[in-house]
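Written below as structure tokens is the structure these notes are about.
Bear in mind that the values in this text are calculations on the coordinates, not laboratory data. Please read all numbers here as calculations on a predicted model, not as lab measurements. With ideal geometry, Cβ positions are generated from the backbone for all residues, glycine too; neighbour counts draw on all protein chains shown.
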Amino acid sequence: MNVFIDANVLIAVINKEYPAFDSCSRVLSLTADKRFKFFVSTLSLGICWYFAEKKSGRKVANEKIQLIMKHLSISDCGKKEAMAAIAEKRADDFEDAMQVNSARSSSCSSIITLNEKDFYFANMEVIRPQDFLYKYA
């Protein structure tokens, strides 16, 4: 099962943001589980680096992003996804539309996010970390 991880899930883990940290870190602990292949977009990596650098500095931010890249697959988030995001008439937020199209480019069936309402237009399962754990883990 291909699963897309939204930036807010990663940020909750790399910056130890409670109460979300617990369920988000448990989801990321499933990266060794062969039932799942987790994806993150390059756009999410940039967002995560920004928040990690603000909290912990450049060196730690770089280390955290490298760790994410070691354990998660990177989905496409380029011109094709940007053009599809622009064409997405139901989406109110360009960044969210980019994320959905990045998930689609990797054939993801689910998006794990802390903000389900952001992806109302996704036409795929949008699920909170704790609900993903309950349903699949």
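Data for the structure
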item	result
Per-residue HN-Hα couplings for the range 40-53 [Karplus 6.51, -1.76, 1.60; θ = phi - 60°; Hz; x = Gly/Pro]	9, 8, 5, 4, 5, 4, x, 5, 5, 4, 4, 6, 5, 5
Computed [θ] at 222 nm, helices only, for the chain once each DSSP H run of length n ≥ 4 contributes -39500 (n - 2.57)	-16500 deg cm²/dmol
Calculated Rg and Dmax of the chain using C-alpha coordinates, Å	14.1, 40
Sequence of ARG35, ARG26, ARG128 once ranked by neighbouring C-beta atoms within 10 Å, starting from the fewest	ARG35, ARG26, ARG128
Total charge dipole magnitude, the range 2-136, about the Cα centre, Cβ charges on Lys, Arg, Asp, Glu only, Debye to nearest 20	440 debye
Antiparallel bridge percentage (DSSP; both residues within the range 2-136; nearest 5)	0 percent
5 angstrom amide H check on SER41, placed H, neighbours 5+ away	SER75
Per-residue ³J(HN,Hα) for the range 120-132, Karplus 6.51 cos²θ - 1.76 cosθ + 1.60, θ = phi - 60°, Hz, x for Gly and Pro	4, 9, 6, 6, 8, 5, 10, 9, 6, x, 5, 6, 4
Extension gain, TYR134 back to TYR120 (0.36 nm per residue minus Cα-Cα distance, nm)	2.9 nm
Percentage relative contact order, the chain, counting C-alpha pairs under 8 Å, at least six apart	31 percent
Ranking of TYR136, TYR18, TYR120 by count of other Cβ atoms within 10 Å, fewest first	TYR18, TYR120, TYR136
Virtual spin-label span in nm between ASP93 and SER73, 7 Å along Cα→Cβ	2.5 nm
Computed lengthening from ASN62 to MET1, 0.36 nm per intervening residue step minus Cα-Cα distance	19.1 nm
Table column - 3J(HN,Hα) (Hz), the range 101-116, Karplus curve with 6.51, -1.76, 1.60, x for Gly and Pro	6, 5, 4, 4, 5, 9, 6, 6, 9, 9, 10, 9, 8, 8, 10, 4
